[in-house]
């Protein structure tokens, strides 16, 4: 695949890994630059002063996970926000940051592919981030970049959503699945014991189910919001050139 760029929008630390970590690792290994825009880094509500320490640990976990996946760069939009209201009161700021304000904005990174939370997400804050990122991906006219492909990833709890969407695009991530497993292991504060949906076993089981649907060990599936077929044609052409040169 030709060297291009991918922008992943993650509401919180771990969403990029649990939702599409195998895809990130696979695309990074193919030669694409993968960037992650983390919307808010907040602490887990521990009910005491330990919350601040947990927030710092989550930031460290996020950085380690991005390294395991081969992410080119990442940026935190809102540091240490309160997860109970930050995203719901910052929608306009989120849209502007994703469009042009962030160092990893659409206009600066100029991604061919954007991965964002699916519209039918279980968590309300994921729904808010979807709406902001989806708005930012619209065609904004001359001088602004329009991503060719927009896909929605689903996180473990989305299986309990009453508005879950049908996944329509799937990627075989078997070859680089070990990187996702290593990244998931970085999130000590976010993984749960089996059989919780956020357990390592449950995450692997879900990816195995997606893989079985296309006859491979592991895969990740996405909801399609935009597909410019020129992107696919250019990727195929680039792959042919790589094969000819090897």
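For every residue, the table says whether it meets (1) closer than 19 Å to residue 5 by Cβ; (2) in a helix (DSSP H, G or I).
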| residue | (1), (2) |
| --- | --- |
| 94 | no, yes |
| 116 | yes, no |
| 127 | no, yes |
| 158 | no, yes |
| 165 | no, no |
| 170 | no, no |
| 181 | no, yes |
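Entry remark, the range 159-169: residues being within 15 Å of residue 221 (Cα to Cα) and crowded, with 16+ Cβ neighbours inside 10 Å number 3 in total. Residue 39 - would you say it is modelled with pLDDT of 95 or more, surrounded by 20 or more Cβ atoms within 10 Å (Cβ to Cβ), closer than 21 Å to residue 110 by Cα and touching a strand residue (DSSP E or B) at 6+ places or on another chain (Cβ under 8 Å)? The answer is no for residue 39.
The residue list 147, 195 contains one member that is within 23 Å of residue 25 (Cβ to Cβ) and in contact with a helix residue (DSSP H, G or I) (Cβ under 8 Å, 6 or more places away or on another chain), which is 147. One residue stands out among those in the range 172-192 that are surrounded by fewer than 20 Cβ atoms within 10 Å (Cβ to Cβ), at pLDDT 95 or above and touching a helix residue (DSSP H, G or I) at 6+ places or on another chain (Cβ under 8 Å): the one that is farthest from residue 22 (Cα to Cα), which is 185. Here residue 140 fulfils each of the conditions (1) surrounded by fewer than 20 Cβ atoms within 10 Å (Cβ to Cβ); (2) part of a helix (DSSP H, G or I) apart from (2).
When only residues in the range 107-122 that are surrounded by fewer than 19 Cβ atoms within 10 Å (Cβ to Cβ) and touching a residue at least 60 places away in the same chain (Cβ under 8 Å) count, which is farthest from residue 144 (Cα to Cα)? For the range 107-122, the residue satisfying everything is 120. Evaluated against (1) more than 17 Å from the chain's Cα centre (by Cα); (2) free of Cβ contacts under 8 Å to residues at least 40 places away in the same chain, residue 161 falls short on exactly one condition, (2).
If you go through the range 80-99 and keep only what is more than 21 Å from residue 228 (Cβ to Cβ) and at pLDDT 95 or above, you end up with 95, 96, 97.
The values are calculated or read from the model by the stated rules, or taken from the named source; none is laboratory data. Because the structure is predicted, anything quoted here is derived from the model rather than measured. As a convention, Cβ positions derive from the backbone with ideal geometry for all residues, glycine included, and neighbour counts pool all protein chains shown.
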